[in-house]
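Beneath this line is the structure, given in structure tokens, with notes to follow.
Every read-out reported here was derived from the displayed coordinates using simple, explicitly stated rules and does not represent laboratory data. Keep in mind the model is a prediction, meaning the values are calculated, not measured. Neighbour counts are summed over all protein chains in view; Cβ atoms, including those assigned to glycine, are modelled from backbone coordinates with ideal geometry.
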Amino acid sequence: MTDLPRVSVFRKEHFNAAHRLFNPNWSDEKNQEVFGLCNNPNYHGHNYELIVQITGTINPDTGYVIDMKEVSHMIQREIIQKFDHKNLNLDVPDFSNINPTAENIAWVIYQKLRATLATNLDLKIRLYETERNFVEFPAH
């Protein structure tokens, strides 16, 4: 095999977390107008579904793009242990100055995983906040 193909592998994980969408620079009325139910001062939760896509060249020795056990451990260590059953606004320092929208959660997850992944591998995050609402990062 001389020209090894690039292949994408996927790992799906779940976590549950609470958050409140709120811009501290706005009035309570404007926050309510923009964020509606997601602005609940007592927070609200989601059962997030996370899909991590890693793309790279197949290793001729292993037949893997990356060992999926390694991917699972990385997601558990970097994301699930830090986000699962947490209040993102209060318990996760990454959101101390960032509104924890699905877009920002995906971006934070991407940054955390990208920092631990070999540079020859491409990464894409798909995060489902509900069955019908999801985001991808990067968006290309």
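Miscellaneous remarks
- Coupling constants for region 96-111 follow from the phi torsions by the Karplus curve (6.51 cos²θ - 1.76 cosθ + 1.60, θ = phi - 60°), and in residue order they are 5, 10, 10, 5, x, 6, 4, 4, 6, 5, 4, 5, 5, 4, 4, 4 Hz; glycine and proline get x.
- Within the same chain, lysines fewer than 8 places from K12 are excluded, and of the rest, those with a Cα less than 26 Å from its Cα are K69, K82, K86, K112, K124.
- Candidate values [x] 48, 30, 28; [y] 63, 28, 26; [z] 44, 34, 28, label of the one derived for Cα extents along the principal axes in Å: [y]
- Neighbourhood net charge (13 Å Cβ-Cβ; Lys/Arg +1, Asp/Glu -1) for I125: -1
- Working ranking of peptides 62-69, 98-105, 111-118 by packing, defined as the average number of other Cβ atoms within 10 Å per residue, highest first, is 98-105, 111-118, 62-69.
- Mean separation of Cα pairs under 8 Å and 6 or more residues apart, divided by the residue count, gives region 6-137 a relative contact order of 32 percent.
- Sequentially through region 118-129, phi angles give Karplus couplings (6.51, -1.76, 1.60; θ = phi - 60°) of 4, 5, 7, 10, 8, 10, 9, 10, 10, 10, 8, 8 Hz, Gly and Pro residues having no value and appearing as x.
- Amide H partners (placed H, <5 Å) of K86, local residues excluded: A18
- Couplings 3J(HN,Hα) for region 75-88, derived from phi with the Karplus relation 6.51 cos²θ - 1.76 cosθ + 1.60 (θ = phi - 60°), are 5, 4, 5, 8, 10, 4, 5, 8, 10, 5, 6, 10, 8, 4 Hz, where x marks Gly and Pro.
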